[in-house]
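Have a look at the structure below, then the notes.
Please treat every number below as a calculation from the coordinates, not as lab data. What you are looking at is a predicted structure, and each value in this text was computed from that prediction instead of being measured. Using ideal geometry, Cβ is built from the backbone for each residue, glycine included, and neighbour counts are taken over all protein chains shown.
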Amino acid sequence: MPDGHQVFLSEAISIVPRVLGLCDRQSESSTFGCCDRNYWHYRLIDFPNARLQEAGLLMALAASANVNNNPYFGQQSLSDWARAAWRHWLCRRNRDGSVAEAYPGERSYCATAFGAAALMETVRLLGGSDAWSEELNQVHTTLNWLAANEAHETANQAAASLWALAGYAHLSDRQDARSWTDRRREEILSMAGPRGVLLEYGGFDAGYQSISMAAIARTVRWRNNDDKLEALLRQGEALLGEHMGINGDSDPQKNSRYTQYIYPSALAVLASPLIARLEKGLAGHSLLRPSWMDDRYCTAFAIDYFFAGLEAASADVTS
């Protein structure tokens, strides 16, 4: 694997010990599987942030990725902790299947969509639908809630819901899930503006564009390719190229939400030459990376780096 591609995997793998420290890994604990240390250990808050449970996917990726310099490959303990993380997530949901991120009782579209998508990827990596049949049966209410609700102003959340629905449709083989996915796919395509712009609160943001593209790229993987979604990704690639500097950076003052990062996995799926810009910025320590993020955001960012590295590794094997 070229050194440039290895940088994504190396960065993602380096986050694993930090994230493990955020999770309650004591099986006899009443909060076993909770990944919000401020809740289960420090008792600083009275509810756990559901987005932190996406650590379950990072653990699954680490346990299943047979790549260079991954000391976690094949470790059953990580697979067990990943399952505990998702069982905790399932138990903490609201009655309608949604989850809370910022305050108790909240119905966070963001946390519900990204969490459900991460659960589907974990199931794929760690045994499939037969091994996770109980969890897949329980999560049906969550996918039903995502299908019944929309995120009109935040394309990244809408794209994450498509990612979750596509994964669930594939794993469960339910007709209602396939219908939900097809409808959400049409909504995403209709949301896309000229040249593939995926708006965040009415404006373009390179960082969130890359998150939306990452979710759409994972959807394409679940659907065994999709010409219209792939075309949307290609439009987004060209758009990002106009907003990225030679070191993979983007001007936060020109982003609607002032982001300073780029999610690389969609560009890796596309085998985009823009990946080289990100690699250059990472090599020069000038580009924001997962290890520089706080606990709230490092996990999701590291997951995308993991996917980017695995996509690049796969491309190297087949080329």
Practice item. Identify unpaired cysteines across the chain, taking unpaired to mean no other cysteine Cβ lies under 4.7 Å from the residue's Cβ. Key: Cys34, Cys91, Cys110, Cys298
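What FRET efficiency do you get for Glu150 and Asn38 if R0 is 41 Å and r is their Cβ-Cβ distance, rounded to the nearest 0.05?
Details: r = 31 Å, r/R0 = 0.75.
After rounding to 0.05, the efficiency reads 0.85.
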Exercise for review: Please sort through the DSSP H helices of the chain and keep those with an alpha-carbon extent of at least 30 Å along the long axis and a Kyte-Doolittle average not below -1.0.
Suggested key: 295-318
Study note, to complete from the structure: Taking a label point 7 Å from the Cα of Ile45 along Cα-to-Cβ, the residues of the range 275-304 whose backbone nitrogen sits under 13 Å from it are 295-298
Review point. Given +1 on the Cβ of Lys and Arg, -1 on the Cβ of Asp and Glu, and no further charges, what dipole in debye does the chain carry about its Cα centre, rounded to the nearest 20?
Key: 200 debye
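How much mean residue ellipticity at 222 nm does the chain get from its helices, if each DSSP H run of length 4 or more adds -39500 (n - 2.57) and you divide by all residues, to the nearest 500 deg cm²/dmol?
Numbers: 15 runs with 194 residues, N = 319.
Counting only the DSSP helices, I get -19000 deg cm²/dmol.
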Review point. Pick from Ile45, Ile15, Ile262: which residue has the top mean-square fluctuation in a GNM of the chain where Cα pairs under 10 Å get a spring?
Key: Ile45
Review point. In a Debye calculation with equal point scatterers on the alpha-carbon sites of the range 3-318 and no solvent, what is log10 I(q)/I(0) at q = 0.11, 0.13, 0.16 Å⁻¹?
Key: -0.63, -0.91, -1.44
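Pop out the Kirkwood hydrodynamic radius of the range 1-52 from its pairwise C-alpha distances, inverse of mean 1/r, in Å to one decimal.
Numbers: mean 1/r = 0.0793 Å⁻¹.
Result for the range 1-52 stands at 12.6 Å.
Over the range 124-270, what per residue volume does the convex hull of the Cα atoms give, in whole Å³? Write out the running numbers ahead of the final one.
Working: hull volume 16.4 nm³, N = 147.
Hull volume normalised by residue count: 111 Å³.
Taking the range 153-221, which chymotrypsin sites (Phe, Trp or Tyr not before Pro) meet the DSSP loop condition and have no more than 14 other C-beta atoms within 10 Å? Display every interim value, and only then the final one.
On the way: sites: Trp163, Tyr168, Trp180, Tyr201, Phe204, Tyr208; in loops: Tyr201, Phe204.
Answer in residue order: Tyr201.
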Point to revise | Rounded Å value of the spacing that divides the Cα centres of the range 105-183 and the range 30-83 | key: 19 Å
Check your understanding: In 5 Å bins starting at 0, how do the alpha-carbon pair distances of the range 169-249 split up by percent?
Key -> 3, 14, 25, 23, 16, 10, 6, 3, 1, 0
Exercise for review: At 0.36 nm per residue, minus the direct Cα-Cα distance, what do Asn69 and Lys228 gain on full extension? Give it in nm, one decimal, please.
Suggested key: 53.6 nm
**Study point:** Positive-end extreme of charge dipole, the chain - chosen from Ser179, Thr31, Leu198 (charges on Cβ)
**Key:** Thr31
